[in-house]
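First up is the structure itself, then whatever we jot down about it.
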């Protein structure tokens, strides 16, 4: 809720996440940064961090498509394109693992 109540503090935390990437590319930290950006209605930044989360080990389409914290950006074309790509990756991964 920090993104809504204290957006400047949230931005400072996001910046810390961005700075840590060179040392520790954590997909969890990227996902939490994406959520903060989404709550601030900043779709492009949120999608950038969602992509990082997916690319570094968290390609969780079912969560991305249902997570209510991403609702503020759900209608954004960039987010919709990201979801479409994640769905394709998810289907491919499921086939590779379970078929």
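Throughout, read-outs are computed from the coordinates displayed, never taken from laboratory work. Remember, predicted model here, so these are calculated numbers, not experimental data. No Cβ is skipped: glycine too gets one built from the backbone with ideal geometry, and neighbour counts run over all protein chains shown.
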Quiz item: Using Cα atoms only, what is the angle between the long axis of helix 27-39 and the major principal axis of the chain, expressed in degrees (0 to 90) to the nearest 10?
Solution: 60 degrees
Practice problem: Compute the Cα gyration tensor for the chain, then decide on rounded, prolate or oblate, letting a ≥ b ≥ c be the square roots of its eigenvalues: rounded whenever a/c is under 1.5, prolate when a/b is larger than b/c in the other cases, and oblate in all that remain. | Solution: oblate
Exercise. For helix 77-98, report the angle its Cα long axis makes with the longest principal axis of the Cα atoms of the chain; keep it between 0 and 90° and round to the nearest 10°.
Key: 40 degrees
Quiz prompt | Helix 7-20 vs. the chain, principal-axis angle (Cα, 0 to 90°, nearest 10) | solution = 60 degrees
Self-check item: Packing rank of 70-77, 43-50, 31-38, where each peptide gets the mean count of other beta carbons within 10 Å, highest leading
Solution: 31-38, 43-50, 70-77
Quiz item: Mean residue ellipticity at 222 nm from the helices of the chain, using -39,500 (n - 2.57) per DSSP H segment of n ≥ 4 over the full residue count, to the nearest 500 deg cm²/dmol?
Solution: -22500 deg cm²/dmol
